[in-house]
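Novice: Sharing a structure with you now.
The values are calculated or read from the model by the stated rules, or taken from the named source; none is laboratory data. In this text the structure is predicted, and so the values were computed from the model without any measurement. Cβ atoms come from the backbone with ideal geometry, glycine included; neighbour counts cover every protein chain shown. These area figures cover heavy atoms from the full protein model, side chains too; ligands, DNA and RNA do not enter into them. Shrake-Rupley method; radii C 1.70, N 1.55, O 1.52, S 1.80 Å.
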Amino acid sequence: QVQVVESGGGLVQAGGSLRLSCAASGGTFSRIAMGWFRQAPGKEREFVAAISWDGGSAVYAASVKGRFTVSRDNAKNTADLQMNSLQPEDTAVYYCAAGRDYRSSVVQAYDYWGQGTQVTVSS
């Protein structure tokens, strides 16, 4: 059983940056893929980014590519999401998840989820 906890959300103006962090425990962190998803009010949860178990590969949703960067530190059991050039449409609850395949962008591919952290971007 893997537990994940997100932190780092908040309120930022359009064009600003935030860094989200995800701390994992209870499993072999270095052997699991880590993903980030988000859910805006009234919308379905959507894929944002994911990183392979060794940090060597990452994938991004088209809407965030070039603005967001996912990374991980297996020595610290953490995975981060650096978000730059934030826009109001990025406003959502952001979730960290642990899963089997970083190449998958579907919710069902991730087995363990954090409670989410709110990101609000004002215009």
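Novice: Of the heavy-atom accessible surface of the chain (probe 1.4 angstrom), what whole percent is carbon and sulfur?
Specialist: Within the chain, the accessible surface is 47 percent carbon and sulfur.
Novice: Right, another one. What is the distance in Å between the Cα centroid of region 6-37 and that of region 51-123?
Specialist: 6
Novice: Could you report the accessible area of L11 in Å², rounded to 10, computed with a 1.4 Å probe on the protein chains as they sit in the structure?
Specialist: 130
Novice: Work out the length of the dipole vector of region 1-73 about its Cα centre, built from +1 on the beta-carbon of each Lys and Arg and -1 on the beta-carbon of each Asp and Glu, and round it to the nearest 20 debye.
Specialist: 140
Novice: Leaving ligands, DNA and RNA out of it, rank W113, W36, W53 by accessible area with a 1.4 Å probe, largest first.
Specialist: Order by accessible area, largest first: W53, W113, W36.
Novice: For the chain, what is the relative contact order in percent, using Cα pairs closer than 8 Å and at least 6 residues apart in sequence?
Specialist: Once divided by the residue count of the chain, the mean separation gives 36 percent.
Novice: In the Gaussian network model of the chain, springs joining C-alpha atoms below 10 Å, which of A24, A49, A75 carries the largest mean-square fluctuation?
Specialist: Top of the fluctuation ranking is A75.
Novice: Same structure, new question: Using the heavy atoms of the protein chains alone and a 1.4 angstrom probe, what is the accessible area of the chain per residue in square angstrom?
Specialist: Normalised by residue count, the accessible surface of the chain is 50 Å².
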